[in-house]
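Here is the structure we will look at.
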Amino acid sequence: DASTLEKSEVQTLTANSLHLRERNAQLLNRILLLQGNIQVCCRIRPVTRKEMKKSRDEGKQIKVSVEALSDTEVGCFSSRSKSWKSFAFDKVWGPDQRQEDVFQDVEPMAASVVDGFNACIFAYGQT
């Protein structure tokens with residue numbers, strides 16, 4: 001009977017889907033455990049059009065005081081000491097990285113909420 005076959009197929013697909021969701025939740029939990037409960041990340045914003053225009057109009061080069069040195073390190077220029085200092089983070093996104101890049105990295109944490117885990121993404125800075 002076709003109706004019984006369809007019901008059986010739906011039940012099989014439902015069971016497979018549930019199994020895959022459970023497996024994804026386990027893998028996500030493993031990722032979050034490896035990364036740690038608290039992660040400190042930094043996103044360096046690109047130079048704005050207004051800043052570029054001002055630099056062109058004044059004939060001056062833009063002074064960069066914050067720079068991504070790697071995907072986990074930021075360099076900051078201290079005007080007091082006239083030297084560069086570096087700071088370590090769990091993740092650094094440079095000015096050339098897109099919003100999609102940031103989302104790709106925080107998506108597992110955001111998705112974990114759907115599976116019942118607690119999560120918080122705190123963003124501070126210019127919007």
- Task: Using θ = phi - 60° and the Karplus relation 6.51 cos²θ - 1.76 cosθ + 1.60, list the HN-Hα couplings for region 38-51 in order, rounded to whole Hz, with x at every Gly or Pro.
- Result: 10, 10, 10, 10, 9, 10, 9, 6, x, 5, 7, 4, 4, 5
- Note on the structure: Applied in sequence order to region 78-83, the curve 6.51 cos²θ - 1.76 cosθ + 1.60 (Karplus, θ = phi - 60°) yields integer Hz couplings, x standing for Gly and Pro, of 9, 6, 5, 8, 6, 9
- Item | Share of carbon and sulfur in the accessible heavy-atom surface of the chain [1.4 Å probe, %] | 54 percent
- Specify the residue with the greatest mean-square fluctuation among Glu58, Glu107, Glu67, computed from a Gaussian network of the chain linking alpha-carbon atoms under 10 Å apart. Glu58
- Item | Cα-centre dipole for region 1-73 with unit charges at Cβ (Lys and Arg positive, Asp and Glu negative), debye to 20 | 700 debye
- For Cys42, other-chain or 5+-apart residues with amide H closer than 5 Å (H placed, Pro excluded) are Lys91, Val92, Trp93
- Message: I want to verify a result. In a Gaussian network model of the chain, Cα cutoff 10 Å, which of these has the top mean-square fluctuation: Ala110, Ala68, Ala15?
- Response: Ala15
- Item | Exposure rule at most 14 other beta-carbon atoms within 10 Å, DSSP loop trypsin sites (Lys or Arg not before Pro): the chain longest free segment | 1-59
- Summing Lys, Arg as +1 and Asp, Glu as -1, what charge do residues with Cβ under 11 Å from the Cβ of Thr72 carry, Thr72 excluded? -2
- Near Gly94, within a Cβ-to-Cβ distance under 9 Å, what is the net charge of the other residues, with Lys and Arg +1 and Asp and Glu -1? -2
- Task: Among the chymotrypsin sites (Phe, Trp or Tyr not before Pro) in region 36-127, which ones are in a DSSP loop with at most 15 other Cβ atoms within 10 Å of the Cβ? Mind listing them?
- Result: Phe117, Phe122, Tyr124
- Query: For the chain, what does -39500 (n - 2.57) per DSSP helix run (n ≥ 4), summed and divided by total residues, give at 222 nm, in deg cm²/dmol to the nearest 500?
  - Reply: -16500 deg cm²/dmol
- Using the Cβ atoms and a cut-off under 14 Å, what net charge is assigned to the surroundings of Ala119, where Lys and Arg are +1 and Asp and Glu are -1? -3
- Using P(r) over Cα pairs in 10 Å bins from 0, in percent as the read-out, say which of (1) 10, 27, 25, 16, 11, 7, 4, 1, 0; (2) 10, 27, 19, 15, 12, 10, 5, 1; (3) 12, 38, 36, 14, 1 was calculated from these coordinates. (1)
- Enter the mean projected area of the convex hull around the alpha-carbon atoms of region 15-81, in nm², rounded to one decimal. 8.5 nm²
- Task: Mind putting a number on the dipole of the chain about its Cα centre? Charges go on the C-beta only, +1 for Lys and Arg and -1 for Asp and Glu, and I need it in Debye to the nearest 20.
- Result: 1100 debye
- Message: Need one number: % antiparallel among DSSP beta bridges in the chain, to the nearest 5.
- Response: 75 percent
- Note on the structure: Nearest-0.05 FRET efficiency for Glu73 and Val114 at R0 = 41 Å, using Cβ-Cβ distance, is 0.80
- Query: So what is the accessible area of region 56-127 per residue, in Å², with the probe set to 1.4 Å?
  - Reply: 83 Å²
- Item | Rounded Å value of the spacing that divides the Cα centres of region 26-82 and region 98-123 | 20 Å
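The values are calculated or read from the model by the stated rules, or taken from the named source; none is laboratory data. As the structure is a prediction and not an experimental result, all values here were calculated from the model. Note that we place each Cβ from the backbone using ideal geometry, even for glycine, and neighbour counts take in every protein chain shown. Note: accessible area is taken over every heavy atom of the protein model, side chains too, but ligands, DNA and RNA are not part of it. Shrake-Rupley method; radii C 1.70, N 1.55, O 1.52, S 1.80 Å.
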